[in-house]
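Asks: Input: one structure, supplied below.
Bear in mind that the values in this text are calculations on the coordinates, not laboratory data. The model shown is predicted, which means the values in this text are computed figures rather than measured ones. Here the Cβ positions follow ideal geometry from the backbone for every residue, glycine too, while neighbour counts run over all protein chains shown.
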Amino acid sequence: MMNDERMKTDNPGKLLVWLSVPAICAQVVTLLYNTVDRVYIGRMADGTMAMAGIGLCMPITMVLSGLSALFGRGGSPLAAISLCKGG
């Protein structure tokens, strides 16, 4: 957990890099997972149909993920503001 004083005193560029490293690592892990998953599925006996299924479902999954992030990131500040006001 980050110290609040560090947010006030450190260089913003340095903080941006420090905070972005975990997000970048998470994206790289997700990329590797998807790549290995597609290679594995593509080598199955009926890999072409499986890849077609992934191609059809991936946009739907991305839209649902985006909507959940939209409401999650928008609702979190509202909940924090409500808690600070006392209910």
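Asks: Compute the separation of the alpha-carbon centres of the stretch 9-36 and the stretch 64-78 and state it in Å as a whole number.
Replies: What the calculation gives is 20 Å, centre to centre.
Asks: Only helical DSSP H runs with n ≥ 4 go in: add -39500 (n - 2.57) per run for the chain, normalise by residue count and round the 222 nm mean residue ellipticity to 500 deg cm²/dmol. Can you show the working numbers first?
Replies: Details: 3 runs with 76 residues, N = 87.
About -31000 deg cm²/dmol.
Asks: Continuing with this model, one more query. With +1 on each Lys and Arg Cβ and -1 on each Asp and Glu Cβ, how big is the dipole of the chain about its Cα centre, in debye rounded to the nearest 20? Don't skip to the answer; put the middle values down first.
Replies: Details: 7 positive and 5 negative charges, 30 e Å.
With only Lys, Arg, Asp and Glu charged at Cβ, the dipole is about 140 debye.
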